[in-house]
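Where a number appears in this text, it was derived from the coordinates with a stated rule and is not lab data. Keep in mind that this is a model prediction, so the values were computed, not measured.
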Amino acid sequence: MDTGALRWLLQRVSGIALLVVLLFHFGVAHYLPVGDVTYQAVAQRLAQPFWKFFNLAFLILALYHGLNGGWSILEDYVEKSWLRMTLMGL
């Protein structure tokens, strides 16, 4: 599998994973009845190792998906090589 095909596949896999993670996040953070949402309750939940891993995975997936998508758009639609390299450097 060449680099382009692998990036294409990983873009789809990361998109599906982001959808699953996002739905889980919304379900837990916004729709489960937990009573009053206080700073203390949120801090306590975010201190748990599972939620640290979950949020880190969410961030890494979102960064990869966004940067890979932007890179692919620049490669496909910006034809002038000097402009493409300048934009990729940003």
Dividing the Cα convex hull volume of the chain by residue count, how many Å³ per residue is that? 133 Å³
Nearest 500 deg cm²/dmol is fine: what mean residue ellipticity at 222 nm does the chain get from its DSSP H runs of n ≥ 4 alone, each adding -39,500 (n - 2.57), divided by its residue count? -26000 deg cm²/dmol
